[in-house]
Every structure is written in structure tokens, then in C-alpha cells.
Amino acid sequence: MNEMKKAVISVLGTDRKGIIAQVSRILYENDANILDISQTIVSGLFSMILIADISSEACSFDALKTELDALSDRISVQIRIQRSEIFEAMHQI
Amino acid sequence: MHMINTSEILETLQMIDHQKLDVRTITMGVSLFNCVTDDEKKLCNNVYDRITRQAERLVQVGRDIEREIGVPIVNKRISVTPAALITGAIKNPVKVAKALDDAAKATGVDFIGGYSALVHKAMTEADRRLIESIPEALSVTDFLCSSVNVGSTRAGINMDAVRLMGEAVKHTALATADNGGLGCAKLVVFCNAVEDNPFMAGAFYGPGEGDCAVSVGVSGPGVVKVALEKVKDAPFDEVAETIKRTAFQITRVGQLVAREASRRLGVPFGIVDLSLAPTPAVGDSVAAILEEMGLEVCGAHGTTAALALLNDAVKKGGVMASSHVGGLSGAFIPVSEDIGMIQAAQRGALSLEKLEAMTCVCSVGLDMIAIPGDTPAETIAAIIADEAAIGMVNNKTTAVRVIPAPGKVVGDNVEFGGLLGHAPVIPVRPFSAEPFIRRGGRIPAPLHSLRN
């Protein structure tokens, strides 16, 4: 069985132009496929949760994380990538 | 399978960011039986090689899992076969203590446990040599932890060992006086010790275990505390349900980490230990959970009942979340490692007697308690005997990890640093138990040990 490997990318910080564009470009360039995306802005605070398929052989978790960490530093918003198993473990029986 | 939703993701992120959700430890148990020889130097080399080879990737794998799931894994540790069981044919077990410590340094783990002896019924010569060497062993090593099992429900209490351990604790404090008696923070005296405990300082890898296994100890008192804030003034039924639900979630994280570590290291999965382990950080306190239930301060009347509920609900919630539960599995109440307990002790709300009562209903026992430096060895032995009696009669693990801080008196503060925290020195009873301890022999096993 070849189960899909998924990652959850959460983005939190002050709203500014191009956050979604930059995050999704990194995902695209690393051959990750966006499965679900939800985004809100509450009193100027930008919050986005993105679920991506990272099963592709060309997609490396570590490479993705390195690029997202660099972006996080550059645009001063918190960007985090985690394997989806942690959320599934905690919220599914 | 349903797609995880945003609110569930945010809940988990909150737990990690603000409620100190973490996995306390991945502990690799390594059997040392195949190292045995009567050649001292060869034994040490065998031990060092065996551990460094088996645990070579432990720290790296721990870091990898931490990075990928985004939950801190605070410690990586090794537990080994009780050293007394492999040093029977050599003269000086301290040599092995150093080899263990060197192996810990080479693998980069935070602690190595198993400078231990199991003497609940009687002592071999090797057991005695090891016990007598503990003060030296803990003063010439940095990461080594030691534990001795002096009693069990099945065997009773070995009062000769209790007396020796009173002296061992006292001498360890003196041998490590430059560091406030820090050696005693790495020395546990057990009754009913378990063979698969991943938590320090009491971890060893029992003789009933296999060649190697990885176990995980969870944490997360902060998460339980915040969950209880949402059921203020609700009856206890609801409190218990809330704790169970939260414990389930925390334990699932532990199970995930254990399964991943087992797979990546190619080593069998041992157990998940359901213990709620506090740290000295704000928001990571077991005492704060008890206070959230409606107590002015931990130590107030009602504390034992609150802890009993907490301990039971943690187990009920956790047990379904893991395929194998073991270790100590319960709430820990180490005084110096819990900011709420430290504050309660400073306020005078927490006495040794109240702590003793609390150990009847929770995991383990009198833990990380600083007592006056001039406390006689016999009084420490008597404290150990009392605690062992609680464990023996109630069929549970109990332990004593007290620090008779050299030169310190009641009210002074002792600093251990890091996860070990700091503690105010609290009073012990000034009355002598010296003739009681001098008797020696064995306290017979209780009637209910005959269960066959």
C-alpha cells in the first residue's frame, strides 16, 4: 500500500501582500500538491492552514522546510511545516 | 479517512506553542548481558562498544522526528541492564560507571540509567559492592543515573539495603557537595521498581527485557491545566472526563513518536509511559492542575483526593491511545521540577508528610525534595522505609529521591539547573529512628502478596 504523505503548513503573522503566492510557489517548485487551503484575517492577523501532498519522489520534506524557514525569516511571519500524522494521531481514534 | 480540519490543527498548534506539549523522552533500553566477562578492562570496552553501536543513531532519529512532526522531544536517553548484574566477576564497578558515562557522551544522549541493583529480598556481593560505590560513581560521572530496588510486594522490604541506601544518599550528597548535592538528583531508591521505565533517574532495562527496545515517556501537564480551565465549577465527573480526553491526545503523540522511532531505528517498540511529567517552566506544572480543581495551593486539604482523580483519569485516557502501556504511568510530583510545587513548598503549604500522603495515590514517590544537609543517614533510611512500606502494601511503585543539601538549612534554596530545577529545603522530623534502622533484616511481605 502506498499511502499518501501529507504535510500541514500553517502560516501566522501580520497580513501583507503575497504571502499565499510565495508559500504556494515554494510548494509548486518542490513538487508538492495543495489539497486543501483555508485562510482568514482577524484584525490584521493573517492565518492560513494548508494541507499538501508531499508523496512525490521529487519532494523532500527537509528541502521544503528549509525554504519555508527562509521565507519565514524574510517576510517575518511564522511559517511551520509538520507531517500530518501528528494531527491525525491526536484527533482521530 | 476524514481530512483533519482547521480547528483541530489550531488546537494542536496551541498545545505546542502555549501549553508546552512535548514528548519528554525517547529512551532506548539496551541489554548488557552479552558484555559479561571477568576481565575488568574488557567488560568496560564491551559495554562502551555495545551501547555506542546500538544507540549510534538515537539522538539523530529523535531530532528528525521532532523536526517532522513539530513537537519537541526534550530528552533522548539510554537505559541499561542493572550494572550489578554484569559486574559480579569484577572488583570495581566504578570502572563500568565511567564506561557508561563515556558511552552517554559519545552518543550525545541526555542521561544514561542503570547503575542499579535489585535487592528487594537480599543482596549478592556484587549488589553490595555496587551500592557502596554509588557515591563515588555519581561524583566521577556526568550523565549517569543510579537506582536501587529495596523492596517489593512479593518480597517485603530489605532493611539492610534500606540502611545502606540511607548512607549512600548521604555520602552522595557529600561527594557532590560542590554542586549542592546534585548527585542525589541522579539516585532513586525504589520499592516495586518497574523494568521498562523510560524516565530518569530511575530508568534501567530489566532482566526480563529483550536485547533492545525503544520506549517513550510523554508529558503535558500544561495541556491538562488549560483543558480544565474550560470546565470551571463543573462537577468532578466532568473534570475526570476532560482529563481523560486530554490524556488520550497527549498519549497519541507519544505512541506516534514511539512507533516512528522504533521503525527508523529498527528496534522493537517497548512501551509508552503515560506519566504526566512537569518541568520547572511556567505552565508545565502538575501542582497547577490540582490548584485548577479548586485548591488555594498544592498541599491544601483536598490535594490527595485531587491527585487521585488526576492520576486515575490520566491512565484511563491514555491506555486506549497506545498499544503497550508501561513504565511508571501516573502523575509525577517532583518538588524541584515543578514551579507550582516549588511555590507551594516555599509558602509552607507542602510538608514531607503531605507529600508522603500524595505518593499513596500517584506515580512514584518523594521526588526531588531538598532536606537539611545535617539530616542523619538513619533518618534518610527511615524515610526510605516509610515510602517503601507504602509501595509494598499498596502494590505500587514508590521511590525516594531526596537531596540532603550539604551545608543548607530549612528555608535555603538549592539550585540544580535545567530540568532538575530548584527547591527550598524543607524540614524533616527531628526525632531519631537510629535503633529502628540498626536492626536490619527483612520486613516480611504482606499477606496480600500471596495471590496464587
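For region B:262-294, name all the residues that are within 14 Å of chain A (Cβ to nearest Cβ) and either part of a strand (DSSP E or B) or in contact with a Gly (Cβ under 7 Å, 6 or more places away or on another chain) (or both).
Passing the criteria: only B:272.
Taking region A:25-53, which residues are of a type in the set (D, E, K, R) and outside any loop (DSSP other than H, G, I, E, B)? First the steps, then the outcome.
First pass over region A:25-53, keeping only residues of a type in the set (D, E, K, R): A:25, A:29, A:31, A:36, A:53.
Scanning region A:25-53 gives A:25, A:29, A:36, A:53.
Of all residues in region A:42-58 being over 19 Å from residue B:5 (Cβ atoms) and surrounded by fewer than 17 Cβ atoms within 10 Å (Cβ to Cβ), which is farthest from the chain's Cα centre (by Cα)?
A:43
Identify all residues within region A:54-93 that are assigned to a strand (DSSP E or B) and either more than 9 Å from chain B (Cβ to nearest Cβ) or not basic (Lys, Arg) (or both); write none if there are none.
Result: A:78, A:79, A:81, A:82.
What are the residues in region A:2-30 that are surrounded by fewer than 16 Cβ atoms within 10 Å (Cβ to Cβ) and either at positive phi or among the β-branched types (Val, Ile, Thr) (or both), if any? Let's see the steps before the verdict.
Looking only at region A:2-30, we keep the residues that are surrounded by fewer than 16 Cβ atoms within 10 Å (Cβ to Cβ), and these are A:2-4, A:14-18, A:20-21, A:25, A:28-29.
If the condition is that a residue be surrounded by fewer than 16 Cβ atoms within 10 Å (Cβ to Cβ) and either at positive phi or among the β-branched types (Val, Ile, Thr) (or both), then A:14, A:18, A:20 are the ones that fit.
When you check residue B:441 against the structure, is it at pLDDT 95 or above, surrounded by fewer than 21 Cβ atoms within 10 Å (Cβ to Cβ) and either farther than 23 Å from residue B:290 by Cβ or within 18 Å of the chain's Cα centre (by Cα) (or both), yes or no?
Yes: the conditions hold for residue B:441.
Answer with yes or no whether residue B:416 is over 24 Å from residue B:298 (Cβ atoms) and aromatic (Phe, Trp, Tyr).
no
Just give me the residues in region B:75-117 being part of a strand (DSSP E or B), among the polar types (S, T, N, Q) and over 30 Å from residue B:11 (Cβ atoms), in sequence order.
Selection gives B:79, B:116.
For residue B:72, which of the numbered conditions (1) within 14 Å of chain A (Cβ to nearest Cβ); (2) farther than 30 Å from residue B:10 by Cβ fails to hold?
With respect to (1) within 14 Å of chain A (Cβ to nearest Cβ); (2) farther than 30 Å from residue B:10 by Cβ, residue B:72 is out only on (2).
Within region B:21-79, restricting attention to residues that are of a type in the set (Ser, Thr, Tyr) and within 20 Å of residue B:203 (Cβ to Cβ), which residue is surrounded by the fewest Cβ atoms within 10 Å (Cβ to Cβ)?
So the residue we want is B:52.
For the structure I just gave you, tell me whether residue B:65 is over 26 Å from the mean Cα position of the chain (by Cα), within 14 Å of chain A (Cβ to nearest Cβ), assigned to a helix (DSSP H, G or I) and not small (Gly, Ala, Ser).
Details: over 26 Å from the mean Cα position of the chain (by Cα): no; within 14 Å of chain A (Cβ to nearest Cβ): yes; assigned to a helix (DSSP H, G or I): yes; not small (Gly, Ala, Ser): yes.
So residue B:65 fails the test.
How many residues are more than 13 Å from chain B (Cβ to nearest Cβ) and in contact with a helix residue (DSSP H, G or I) (Cβ under 9 Å, 6 or more places away or on another chain) when one looks only at region A:43-53?
Qualifying residue count for the region: 1.
Condition first: part of a loop (DSSP other than H, G, I, E, B) and over 24 Å from residue B:418 (Cα atoms). Now tell me which residues in region B:363-388 satisfy that.
Answer for region B:363-388, where residues must be part of a loop (DSSP other than H, G, I, E, B) and over 24 Å from residue B:418 (Cα atoms): B:374, B:375, B:376.
So, in region B:1-42, exactly how many residues are within 11 Å of chain A (Cβ to nearest Cβ) and either in a strand (DSSP E or B) or among the charged types (D, E, K, R) (or both)?
Matching residues across region B:1-42 total 4.
Across region A:73-93, what is the number of residues that are surrounded by fewer than 17 Cβ atoms within 10 Å (Cβ to Cβ) and free of Cβ contacts under 8 Å to residues at least 24 places away in the same chain?
4
Could you list all residues from region B:245-265 that are buried (at least 19 other Cβ atoms within 10 Å of the Cβ) and within 17 Å of residue B:312 (Cβ to Cβ)?
B:246, B:247, B:248, B:250, B:251
Which number in (1) crowded, with 18+ Cβ neighbours inside 10 Å; (2) within 18 Å of residue B:112 (Cβ to Cβ); (3) of a type outside the set (Lys, Arg) marks the one condition that residue B:12 misses?
Among (1) crowded, with 18+ Cβ neighbours inside 10 Å; (2) within 18 Å of residue B:112 (Cβ to Cβ); (3) of a type outside the set (Lys, Arg), residue B:12 violates only (2).
Would you mind finding the one in B:303, B:242 that is surrounded by fewer than 23 Cβ atoms within 10 Å (Cβ to Cβ), of a type in the set (Ser, Thr, Tyr) and modelled with pLDDT of 95 or more?
B:242
The values are calculated or read from the model by the stated rules, or taken from the named source; none is laboratory data. The model shown is predicted, which means the values in this text are computed figures rather than measured ones. We place every Cβ from the backbone using ideal geometry, glycine too, and count neighbours over all the protein chains shown.
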